[in-house]
Amino acid sequence: MNDRHTSAPLSLHPVAPDPARVSRPASGAHGLLITFEGIDHCGKSTQVLLLRDALLDAGLPVGCDSAPGAVLREPGDTPAGERIRDLLLHDPGRLAPWTEAALYAAARAELAVRVLKPAMQAGWIVLLDRYVDSSLAYQGFARGLGVERVRELNDWATGGLMPDLTFLVQLTPELAARRTGGPPDRMEREGLAFQRQVAEGYAALAAAERQRYRVVDGAPSAQAVATQVERVAREFLEAVGVL
Ligand code: TYD
């Protein structure tokens with residue numbers, strides 16, 4: 001288990017704000033799933049937290065029943081998912097590509113059944129740091145397993161639950177590499193050429209699904225990127241009648 005857990009029943013990242021500060025969904029509301037994607041160190045984890053704060057300030061019900069106000073992240077955020085995360089990111093050995101894809105999908109199946117679907121039914125706005133598109137870009141595209149085959153695996157794992165909106169925080173692998181800190185995990189050890197392929201995979205996914213994807217430039221300051229993300233999120237939430 002990692003060190004960012006709260007005392008919530010699920011092991012959620014990062015520490016959730018005071019639940020009293022978080023609005024509850026209106027009864028009968030349908031939830032929304034908003035995901036953040038991008039290569040390693042593109043800055044999406046900072047952005048998802050800044051958007052969370054902006055949406056909470058706007059009085060929106062961000063989070064899920066077990067952790068109001070929390071941002072979720074993959075792989076992990078369920079007890080089994082955290083154990084799978086350990087295997088995927090902290091095991092020193094190599095994993096066969098389909099082992100890797102299946103483990104990400106297994107962690108995702110847990111999250112989908114135990115957290116995401118109940119949250120959608122209860123009317124929460126779930127902010128999720130990585131989801132199916134990560135597997136499509138990393139395993140399907142960069143590992144060469146095939147985007148469609150990995151998509152099919154993930155359809156089974158999630159029961160077809162896909163995001164309503166996906167932010168792709170775009171940054172060149174060269175710039176992202178300059179932002180690294182701490183020892184690299186198993187995926188980060190793959191190096192620059194691998195990150196270039198992941199970036200190419202994401203660009204192709206975003207081009208194929210313009211309705212769902214919003215591409216933001218991750219190169220400016222975190223605050224400037226956050227302004228861009230918040231504007232796009234507000235437009236989307238207005239369009240679906242939430243704001
Ligand atoms: P993490 O430490 O959460 O990094 P990040 O802040 O970049 O999200 O590590 C997640 C790593 O796992 C990251 O290198 C991307 C990779 N990954 C996949 O390869 N496939 C997946 O389906 C997911 C969810 C993540």
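Every number in this text was worked out from the coordinates using simple rules, so none of it is lab data. In this text the structure is predicted, and so the values were computed from the model without any measurement. When we count neighbours, we look across all protein chains shown, and the Cβ atoms used for this are built from the backbone with ideal geometry, even at glycine.
Annotations for the structure displayed:
- Sorting 17-30, 114-127 by average packing, meaning the other beta carbons within 10 Å per residue, from highest down gives 114-127, 17-30.
- For the chain, diffusion coefficient by Stokes-Einstein and Kirkwood Rh (Cα), 37 °C, 0.692 mPa s, µm²/s: 182
- About its Cα centre, the dipole of the chain is roughly 20 debye, where the only charges are +1 on Lys and Arg Cβ and -1 on Asp and Glu Cβ.
- Whole-Å distance, taken between Cα centres, linking region 121-145 and region 162-188: 13
- Helix 192-208 and the long axis of the chain differ in direction by around 50°, with both axes built from C-alpha atoms.
- Taking N as its residue count, the alpha carbon Rg of region 160-243 over 2.2 N^0.38 Å: 1.27
- The C-alpha atoms of the chain define a longest principal axis, and helix 147-158 lies at about 40 degrees to it.
- Zero-based 10 Å bins, Cα pair distances in region 37-77, whole percents: 27, 50, 22, 0
- Region 24-136 - share of DSSP beta bridges that are antiparallel (%, nearest 5): 20
- Restricting region 169-243 to trypsin sites (Lys or Arg not before Pro) in coil, as DSSP defines it, with at most 13 other Cβ within 10 Å: R178, R179, R210
- Put simply, the C-alpha atoms of region 173-216 give a gyration tensor, and the ellipsoid matching it has half-axes of 24, 11, 9 Å, longest first.
- Looking at region 15-117, none of the chymotrypsin sites (Phe, Trp or Tyr not before Pro) sits in a DSSP loop with at most 10 other Cβ atoms within 10 Å of its own Cβ.
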